[in-house]
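The values are calculated or read from the model by the stated rules, or taken from the named source; none is laboratory data. Just so we're clear, the structure is a prediction, and the values are computed from it rather than from any experiment. Here the Cβ is made from the backbone with ideal geometry for all residues, glycine too, and neighbour counts use every protein chain on show.
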There are 2 protein chains.
Amino acid sequence: MWIPDSFANQPLGANSASAPRIGNGFGPPRQTRTLDVVVSRGGTVESRHRVHAAVVSADGVLVDAARDPELSVWWRSCAKPFQVMPLLRSGGFDAFGWGIEELALACASHGGEPEHVAVAARMLERLGLEEGDLACGPHEPLASRGARLARESGQRPTRLHNNCSGKHSAMLARAVHLGASTAGYERPVHVVQRDCLRAVSEWTGVAPDAIPVGMDGCGVSVFALPLANMAWSYARLVQAAAEGDVPSRRVVSAMTSHPFLVGGTDRFDTILMEACGGNVLCKIGAEGVHTFAIVDRGLGIALKVEDGSPRAQYPAVLGLLAAYDALPHPLPDALREHAQRAVRNTRGEPVGVVRVGHADVGDMLERSP
Amino acid sequence: MWIPDSFANQPLGANSASAPRIGNGFGPPRQTRTLDVVVSRGGTVESRHRVHAAVVSADGVLVDAARDPELSVWWRSCAKPFQVMPLLRSGGFDAFGWGIEELALACASHGGEPEHVAVAARMLERLGLEEGDLACGPHEPLASRGARLARESGQRPTRLHNNCSGKHSAMLARAVHLGASTAGYERPVHVVQRDCLRAVSEWTGVAPDAIPVGMDGCGVSVFALPLANMAWSYARLVQAAAEGDVPSRRVVSAMTSHPFLVGGTDRFDTILMEACGGNVLCKIGAEGVHTFAIVDRGLGIALKVEDGSPRAQYPAVLGLLAAYDALPHPLPDALREHAQRAVRNTRGEPVGVVRVGHADVGDMLERSP
């Protein structure tokens with residue numbers, strides 16, 4: 001059993017005062033706001049989720065913040081658009097005849113629905129590899145529809161159902177294209193993971209040796225970064241896409257034009273990107289992390305729910321998008337339900353709500369036509 | 001759509017500085033500790049859950065605290081042992097020929113397994129009432145076994161599967177025994193709910209008009225109380241039981257001798273009470289609330305996870321029990337898993353842990369033989 005050190009005096013996150021960075025950090029934000037999400041019942045706050053956030057422009061200006069915008073936490077799945085970059089830039093992606101659907105799945109935390117599994121299977125087939133070559137383990141599909149369909153067909157989840165199977169297939173492709181061993185591609189010392197670290201470093205502006213590397217839920221490397229650097233990377237990604245960088249444009253286009261593959265049925269990122277018609281690029285991460293970009297404003301945003309709860313990250317993401325007028329009018333019902341979810345008793349009567357606590361964000365969502 | 005007030009500046013909880021109380025509050029605690037629960041990955045804190053707690057003796061001394069021991073929050077299901085008191089004391093419980101299983105279910109947040117449903121059905125039958133008389137709506141059984149068995153038998157959950165159906169059956173019994181209308185028994189103005197408020201007031205030492213009343217998840221009244229008063233009530237309950245008060249002894253005995261009915265398969269309270277052999281009385285509440293008592297120490301304890309997350313309340317409860325040497329040696333595996341749950345990747349490899357962050361509590365659980 002792994003025995004951890006005492007965390008009593010250890011702050012949240014992986015911040016190290018001595019960690020060198022490219023540049024000098026971001027300085028104070030131009031403005032700040034409160035993004036904490038509250039759960040109310042009977043007019044009082046029953047539970048509170050603390051939310052940290054950073055809003056950064058493509059040229060690296062920290063324009064907005066909530067709590068600690070330079071909090072450094074594990075980036076989890078939000079790194080996926082950059083983890084596929086080495087394969088894309090090297091021509092490896094096209095060498096295997098993969099297309100836009102494969103690219104969307106490589107950046108996905110998919111719902112394990114038949115459509116997702118089919119694309120992942122196709123990716124492996126083109127590599128001449130199989131499910132057993134994936135280093136990620138099986139898990140229950142993240143989408144309810146995926147879980148239901150698997151159960152109804154009597155199928156046990158396979159490694160293809162793992163929400164990261166697209167990312168892993170792309171990592172296998174990188175190994176194959178490099179002529180490197182596919183065994184152990186998930187280990188931090190393998191060239192595939194080292195390339196991912198370099199790509200993440202390049203886009204986030206943090207030196208590779210200043211990026212803590214750990215193990216993600218799916219077995220490959222996970223990176224710790226300040227929220228502001230996460231946000232900056234997404235702003236730079238959409239700016240590069242707009243300015244004609246082909247790999248960037250392909251990644252942004254694949255994700256925003258195939259939101260179902262990136263998430264799935266009833267998945268937040270899917271609902272959001274479908275609603276925003278290409279103007280919002282959005283990627284969820286585990287433990288309350290989310291990174292997204294508003295294309296026409298050239299802004300990248302990253303947030304972390306301190307306690308890791310997903311129910312708080314959805315209102316927080318939507319609250320920030322509302323603050324920057326990036327949500328469609330009228331707001332689709334599916335998004336409205338995520339913006340301020342009614343707490344209902346077992347007879348369906350509303351008794352409270354989950355929403356951003358601060359008036360100028362929470363109320364904005366309420367007043368959306 | 002219910003529109004709430006802005007909660008930006010509203011503190012957590014239902015504290016009102018002007019609310020009168022019986023007595024003068026509890027004064028400063030004799031000692032304090034840190035109970036925050038952390039989720040670690042790669043040696044750093046990835047997420048943190050803030051935990052508030054109060055430890056109170058039967059004579060009302062606040063012996064121990066974490067963060068704000070007088071934080072006032074909705075008590076949720078932890079009030080159940082007192083909500084059944086009016087029915088017990090009045091002889092109504094016995095008038096219907098109910099026994100110890102019915103009493104355990106009346107105090108339960110049960111798992112909706114066949115055993116629970118059968119007792120609830122029996123309770124209604126003895127009243128000459130039926131499922132439709134229950135004011136609580138149906139929901140998916142809280143125990144995985146309950147959900148699975150219902151699904152496999154093709155059965156849609158009924159109101160009997162509602163985790164509060166025992167409590168509601170007891171409330172119906174109270175109405176019948178009083179000769180009051182059973183319709184609307186769930187409404188705050190009904191004598192059944194007013195009696196529950198009086199019982200809660202009596203045991204917690206807070207004047208009825210100082211107890212905020214809201215609507216619980218199951219449709220009946222829910223009460224807001226300071227953690228210290230919640231803790232005090234459980235200390236007084238086990239002391240009264242030990243001193244021979246018959247209704248108190250029946251409640252404590254029913255819950256501790258029938259832990260499966262109080263929770264169910266793999267439910268925390270059940271596992272804990274089974275392991276502690278009558279020395280711990282424990283009742284979970286929604287949104288991260290928990291109230292429990294250590295019988296041989298005459299201590300009552302209440303805690304609230306600020307963000308409402310269940311995953312944090314289990315290590316916090318066990319951490320406090322360990323601090324008061326109330327856990328069995330050796331610690332059963334099922335409890336050890338709740339005390340510090342390994343975070344595993346999808347290949348089952350441990351990559352982190354969820355545990356109380358402070359060494360003197362968290363480590364104590366680790367070193368348990």
Out of the residues in the stretch B:44-73 that are acidic (Asp, Glu) and more than 11 Å from chain A (Cβ to nearest Cβ), state the one that is surrounded by the fewest Cβ atoms within 10 Å (Cβ to Cβ). B:59
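Could you identify the single residue in A:135, A:143, A:147, A:118 that is under 19 Å from residue A:257 (Cβ atoms) and not charged (D, E, K, R)? Can you show your working first?
Details: A:135 fails: under 19 Å from residue A:257 (Cβ atoms); A:143 fails: under 19 Å from residue A:257 (Cβ atoms); A:147 fails: under 19 Å from residue A:257 (Cβ atoms).
Answer to the selection: A:118.
For residue B:126, state whether it is at pLDDT 95 or above, in a helix (DSSP H, G or I) and more than 24 Å from residue B:266 (Cβ to Cβ).
Working: at pLDDT 95 or above: yes; in a helix (DSSP H, G or I): yes; more than 24 Å from residue B:266 (Cβ to Cβ): yes.
For residue B:126, the condition - at pLDDT 95 or above, in a helix (DSSP H, G or I) and more than 24 Å from residue B:266 (Cβ to Cβ) - is met.
What are the residues in the stretch A:163-200 that are basic (Lys, Arg), touching a Pro at 6+ places or on another chain (Cβ under 8 Å) and buried (at least 21 other Cβ atoms within 10 Å of the Cβ), if any?
Taking the stretch A:163-200 as the starting set, the residues that turn out to be basic (Lys, Arg) are A:167, A:174, A:187, A:194, A:198.
Still in the list and also touching a Pro at 6+ places or on another chain (Cβ under 8 Å): A:174, A:194, A:198.
A:174, the sole residue that qualifies.
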Wholly within the stretch A:246-357, which helices (runs of 4 or more DSSP H) include no fewer than the required count, namely at least 1 residues that are modelled with pLDDT of 95 or more? A:246-257, A:259-262, A:268-276, A:310-323
If you scan the stretch B:310-352, which residues turn out to be crowded, with 23+ Cβ neighbours inside 10 Å and within 8 Å of another protein chain (Cβ to nearest Cβ)? B:312, B:352
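Any chance you could count how many residues in the stretch A:26-40 are part of a loop (DSSP other than H, G, I, E, B), of a type outside the set (A, V, I, L, M) and within 14 Å of chain B (Cβ to nearest Cβ)?
Step one: list which residues in the stretch A:26-40 are part of a loop (DSSP other than H, G, I, E, B), which gives A:26-31, A:33-36.
Restricting the remaining residues to those that are of a type outside the set (A, V, I, L, M) gives A:26-31, A:33-34, A:36.
Those left that are additionally within 14 Å of chain B (Cβ to nearest Cβ): A:33-34, A:36.
Summing the residues that are part of a loop (DSSP other than H, G, I, E, B), of a type outside the set (A, V, I, L, M) and within 14 Å of chain B (Cβ to nearest Cβ) in the stretch A:26-40 gives 3.
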Which numbered condition residue B:155 misses (of (1) at pLDDT below 95; (2) part of a helix (DSSP H, G or I)): (2)
Name the pairs whose Cβ atoms lie under 8 Å apart, with the first residue in the stretch B:51-63 and of a type in the set (S, T, N, Q), the second in a strand (DSSP E or B), and 6 or more positions between them or separate chains? B:57/B:63; B:57/B:299; B:57/B:300
When residue A:282 is evaluated against the numbered criteria (1) in contact with a Ser or Thr (Cβ under 6 Å, 6 or more places away or on another chain); (2) away from chain B (no Cβ under 14 Å), which criterion, by number, is the only one it fails? (1)
In the stretch A:74-92, residue nearest to residue A:234 (Cα to Cα) [restricted to those that are in contact with a His (Cβ under 8 Å, 6 or more places away or on another chain) and buried (at least 22 other Cβ atoms within 10 Å of the Cβ)]: A:78
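Filter the stretch B:135-168 for residues that are of a type outside the set (Asp, Glu) and within 15 Å of residue A:348 (Cβ to Cβ); which is nearest to the other protein chains (Cβ to nearest Cβ)?
Initially, the stretch B:135-168 is screened for residues of a type outside the set (Asp, Glu), giving B:135-139, B:141-151, B:153-168.
Filter again for within 15 Å of residue A:348 (Cβ to Cβ), leaving B:135-139, B:157, B:159, B:162.
On the way: B:135: 7, B:136: 5, B:137: 3, B:138: 7, B:139: 5, B:157: 10, B:159: 8, B:162: 6 Å.
Filtering first and then ranking leaves B:137.
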Residue B:76 versus (1) within 12 Å of chain A (Cβ to nearest Cβ); (2) within 30 Å of residue A:226 (Cα to Cα): which is the lone unmet condition? (2)
Quick one: how many residues across the stretch A:144-159 are surrounded by 22 or more Cβ atoms within 10 Å (Cβ to Cβ) and over 16 Å from residue A:220 (Cβ atoms)? 1
Among (1) free of Cβ contacts under 8 Å to residues at least 60 places away in the same chain; (2) in a helix (DSSP H, G or I), the one test that residue A:186 misses: (2)
Hey, does the stretch A:212-219 have a residue that's buried (at least 23 other Cβ atoms within 10 Å of the Cβ) and either in contact with a Pro (Cβ under 7 Å, 6 or more places away or on another chain) or assigned to a helix (DSSP H, G or I) (or both)? no
